[in-house]
1. Subtract the Cα-Cα distance of VAL344 and ALA332 from 0.36 nm times their separation in residues, and report this length gain in nm to one decimal.
2. Read phi for every residue in the stretch 173-180 and hand back ³J(HN,Hα) as whole Hz from Karplus 6.51 cos²θ - 1.76 cosθ + 1.60, θ = phi - 60°, with x for Gly and Pro.
3. Starting from 0.36 nm per residue, how many nanometres of slack lie between ARG165 and THR242 once their C-alpha separation is accounted for?
4. Considering just Cα atoms, how many Å³ per residue does the convex hull of the chain enclose?
5. Would you grab the residues whose amide H sits under 5 Å from the one on MET394? Only those 5+ places off in sequence or on another chain, please, with H modelled 1.01 Å from N.
6. On a 0 to 90 degree scale, rounded to 10, what angle separates helix 143-155 from the longest Cα axis of the chain?
7. Given a 1.4 Å probe and heavy atoms of the protein chains only, how would you sort THR404, THR242, THR415, largest accessible area at the top?
8. Quick one: angle between helix 360-376 and the longest Cα principal axis of the chain, in degrees between 0 and 90, rounded to 10, please.
Amino acid sequence: MKRVYALVDCNNFYVSCERVFNPKLKGVPVVVLSNNDGCIVARSEEAKAAGIKMGEPLFKCRMLAERHNIVALSSNYPLYADLSHRVMSILEEMSPGIEIYSIDEAFLDLTGVPDPADYARNIRKTVKKWTGIPVSIGIGTTRTLAKAASKKAKKGTGVFDIREREDEVLGDMEAGDVWGIGYSHSLVLKKHRIRTALELKNANDEWVRKVLSVSGLRTVYELRGTPCIGSGTEPAARRSITCSRLFGCRLYRIEEIREALSSYVSRAAEKLRAMDMAASGISVYLLENEFADGRFTSRGASLELPEPSSYTPELIMYSVRLLENIYREGPAYRKTGVTFTGLVPRGSVQTSLFGAIDNPKRLRLMKTVDRINAEWGSETVTPASSGTGRDWRMRQEKRSRRFTTSWHELPVAKTSK
């Protein structure tokens, strides 16, 4: 039986999340900004039409934004993550097979479904009704074709089945827009006068393998309707975890930087435990403010742990030790970060003769903290070393309320007497 895949893609996801709780934003040009309110990371269709470019710093297009009355919002990741979880939960209920690809995309396996397009329309209607998030759904015999169909769906009625019009759609699609063809490969294709996805589909296998490697040939097979991406081609197991942030202001004192670093280590350790892994090494870096005196300096240091660990206090202790080695009094600093390396499954950790760092008692404590933070909101319980004032936190002056993840920011409904 021929496989059938659907790609469910949330439309302008960050902006759509904001509009769920603020209907006044509907029909209004809206952009969402990155950390510290720097660059534009999401745009509504109205903002795109006004000429706002993705990734552009807000200050560079301030005049354009003012001319079109564009609303700029700080990113609200707790809200986006929660709504993403709700959308994916609905898809899991409605689909026999789901593969979550990103915060706003998921592949569904609709093989055997009698009318995939009608089924997709029902999914689209249900997701919109239950969450308020609009989605587009592309259908094809491979993930790559489903991805191509989703682009067509966004510009049409929201659902598009590419199976009857594959060559027509691929003929109108630039080769560089094919899923899996990166920027460098798109330049190579242009150099060899392969401009459309259809021309890439019909390219010679040996030539494709030579210039685009095996991964490029796999993409070409997908365009021909042969599933190659998915089972057996999943990304390799993660080897490191990094958590870093720009400070909300310039920092000079090591006490403030130590607080920020402790917070980042805590977040990274939480991810580590969620993967049921332990870290064998730690790297810490510190970035000076590049505008301080016209130069740019970064310092870093690493160490190998006595034994792999996922115990937050232990990881903070070693990270702070590294920070103290690289810190120099004087310049302003703008960023620090931590990377856990040498990740190993916790079940295969080689313990020392004098007792394991990740002993059962400590693991139970960490799991309890993780559970509290998961149920009551991120950073409900934090290490004391991460401080309470936190003036170093990134700027989010335009952030909307965390309507679904904070008890203090729940939406209030007013009723007449």
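1. Working: separation 12, 0.36 × 12 = 4.32 nm, distance 3.62 nm.
Here the segment from VAL344 to ALA332 would lengthen by 0.7 nm.
2. Rounded to whole hertz, the list is 9, 5, 4, x, 8, 5, 4, x.
3. Values: separation 77, 0.36 × 77 = 27.72 nm, distance 4.33 nm.
Using 0.36 nm per residue and subtracting the Cα-Cα distance, I get 23.4 nm.
4. Numbers: hull volume 86.6 nm³, N = 417.
So the per-residue hull volume is 208 Å³.
5. For MET394, the qualifying residues are GLY248.
6. 80
7. Values: THR404 35, THR242 65, THR415 125 Å².
Ranked list, largest accessible area first: THR415, THR242, THR404.
8. Roughly 60 degrees, rounded to the nearest 10.
The values are calculated or read from the model by the stated rules, or taken from the named source; none is laboratory data. As the structure is a computational prediction, the values presented were derived from the model and not from experiment. Methodologically, a virtual Cβ is constructed for each residue, glycine included, from the backbone with ideal geometry; neighbour enumeration extends over all protein chains shown. Each accessible area value is taken on the protein alone, full model and side chains, heavy atoms only, with ligands, DNA and RNA left out. Shrake-Rupley method; radii C 1.70, N 1.55, O 1.52, S 1.80 Å.
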